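Nothing in this text is a laboratory measurement; each read-out follows from the coordinates by a stated rule. Just so it is clear, the structure is predicted and the values come from calculations on it, not from any experiment. Methodologically, a virtual Cβ is constructed for each residue, glycine included, from the backbone with ideal geometry; neighbour enumeration extends over all protein chains shown.
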Amino acid sequence: MPETILVTGGAGFIGSHLVKELVKSGYSVRVLDNLSNGSLENIRDVLGSIEFIKGDIRDKNVVEDALKGVDAVVHLAALIDVAESVEKPELYLDVNVNGTFNVARASRKVSAFIFASTCAVYGEPVKIPIGEDHPLRPKSPYAATKIAGEAFVQAYGNLYGYRPVILRLFNVYGPRQSKAYAGVITEFVKRATSGEPPIIFGDGEQTRDFVHVKDVAKAIIKALDSDNASGIYNVGSGVAVTINDLAHLILKLAGKENVEPIHGPPRPGDIKHSQANINRAKKELGYNPSVSLEKGIREILSLGKK
């Protein structure tokens with residue numbers, strides 16, 4: 001079991017939850033984050049227990065220094081907004097591909113490298129639920145950069161002998177989520193709590209697989225702890241939820257059942273269905289998602305009232 005973990009993007013949404021779990025589990029934790037999307041406020045309560053480096057994964061020297069004395073890497077730092085990637089593909093190439101290349105190349109002495117990829121690499125699915133052997137059909141520069149990142153992580157794993165673990169995350173949600181992550185839940189909760197109708201793009205029969213950030217953090221730790229884990233794993237709930245059902249669930253839990261969602265035109269580039277086959281992660285990582293969608297939304301709503 002690795003003892004000192006470098007978490008890139010450790011002050012972000014997923015990173016901050018992971019860092020707290022790692023500290024709780026007794027790991028020595030170092031965080032590298034440029035704070036462009038993350039915030040020290042997210043990890044304020046553990047700052048005294050970790051080493052924090054403010055720096056950018058595109059800076060080779062910073063990355064080299066951050067990796068000194070590290071046993072394993074969890075690489076979360078990335079730009080993740082699909083629409084923004086269409087507008088700024090060069091930026092996404094620079095951060096997500098060049099940045100990941102820098103981290104993978106500098107990881108000569110680590111035992112394991114956990115890379116946060118995305119279900120977006122699958123594009124429009126040809127079969128549901130989606131297994132790890134599903135063809136890669138990216139529909140955005142963001143998805144393409146993640147495929148390139150996966151390739152560099154695997155290539156340097158083969159060169160250096162570290163254990164590469166690629167986690168293809170489905171729609172992650174939970175406290176401290178940014179709009180880019182599972183933005184539909186953030187947006188629906190915001191509108192429902194203020195009595196406004198959720199806006200559904202298209203007919204609302206499109207499905208998504210929402211996975212709570214705490215379950216994602218657990219999956220990452222299981223990947224670190226399991227000496228035999230290697231390769232690609234889907235990390236989702238394994239449950240498909242229609243956007244219509246999601247909207248009505250949020251309205252019900254917010255006590256706004258009399259509000260009816262409104263429909264807008266479908267968004268270009270949106271896939272119709274998404275659902276993870278998580279059998280491999282269950283079998284090889286011992287991953288079992290434990291936070292139901294209702295429980296997760298209740299938590300977000302209760303935090304919003306504080």
Once both label points are put 7 Å beyond Cα along the C-beta direction, the K252-E196 separation in nm becomes 2.5
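Arrange the following residues from fewest to most other Cβ atoms within 10 Å of their Cβ: R298, R191.
By the 10 Å Cβ count, ascending: R298, R191.
Give the average over all directions of the projected area of the C-alpha convex hull of segment 171-306, one decimal, in nm².
Details: hull surface 34.7 nm².
Mean shadow area of the hull around the Cα atoms is 8.7 nm².
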Name all residues of segment 269-289 having a backbone nitrogen under 15 Å from the label point set 7 Å from the Cα of K127 along its Cα→Cβ direction, giving them as ranges. 275-280
For the chain, state what percent of all Cα-Cα pairs lands in each successive 10 Å bin, counting from 0 Å until the bin that includes the largest distance. 6, 28, 36, 22, 7, 1
Counting pairs of alpha carbon atoms under 8 Å apart in space and at least six apart in sequence, what relative contact order in percent does segment 1-80 give? 42
How large are Rg and Dmax for segment 1-141 when only the alpha carbon atoms are used, in Å? 15.8, 48
What are the extents of the Cα atoms of segment 73-214 along their three principal axes, listed from largest to smallest and rounded to whole Å? 54, 32, 31
Using 1/(1 + (r/R0)^6) with R0 = 41 angstrom and r between the beta carbons of A155 and K282, what's the FRET efficiency to the nearest 0.05? 0.90
What do you get when you divide the Cα radius of gyration of segment 177-237 by 2.2 N^0.38 Å, with N the number of residues? 1.53
Could you state the angle between the C-alpha long axis of helix 243-253 and the longest principal axis of the C-alpha atoms of the chain, as a value from 0 to 90 degrees rounded to the nearest 10? 80
Folded to 0 to 90 degrees: helix 13-24 orientation relative to the chain principal axis, Cα: 60
Nearest-0.05 FRET efficiency for L40 and L136 at R0 = 35 Å, using Cβ-Cβ distance, is 0.45
Averaged over all directions, how much area does the convex hull of the C-alpha atoms of segment 250-303 cover when projected, in nm²? 6.2
Checked segment 68-133 against the a/c 1.5 cut and the a/b vs b/c comparison, axes a ≥ b ≥ c from its Cα gyration tensor; verdict oblate
In nm, to one decimal, how far is the E51 label point from the I262 one, both placed 7 Å along Cα→Cβ? 5.4
Semi-axes of the equivalent ellipsoid for segment 136-207, Cα gyration tensor, largest first, Å: 35, 15, 9
So for the chain, averaging the separation of alpha carbon pairs under 8 Å that are six or more residues apart and normalising by length, what relative contact order in percent results? 18
Round to the nearest 0.05 the FRET efficiency obtained for S111 and K295 when R0 = 30 Å and r is the Cβ-Cβ distance. 0.30
Neighbouring Cβ atoms within 10 Å as the yardstick, rank Y142, Y162 fewest first. Y162, Y142
Residues whose built amide H sits under 5 Å from the amide H of H263, excluding neighbours closer than 5 in sequence, are I200
Estimated D of segment 105-167 in µm² per second, where Rh is the Kirkwood radius over Cα pairs and Stokes-Einstein applies at 37 °C, 0.692 mPa s: 263
Pairs of alpha-carbon atoms within less than 8 angstrom and 6+ residues apart define the contacts here; what relative contact order does segment 100-217 have, in percent? 28
Cα-based Debye curve of segment 1-65 sampled at q = 0.23, 0.24 Å⁻¹ gives log₁₀ I(q)/I(0) of -0.91, -0.98
Take every DSSP beta bridge with both residues inside the chain and express the antiparallel ones as a percent of the total, to the nearest 5. 5
Exposure proxy ranking, count of Cβ atoms within 10 Å, fewest first, for V121, V73, V86, V31: V86, V121, V73, V31
Which entries of K54/K88; K256/K282; K222/K256; K88/K190; K54/K139 have Cα-Cα distances beyond 30 Å here? K256/K282; K222/K256; K54/K139
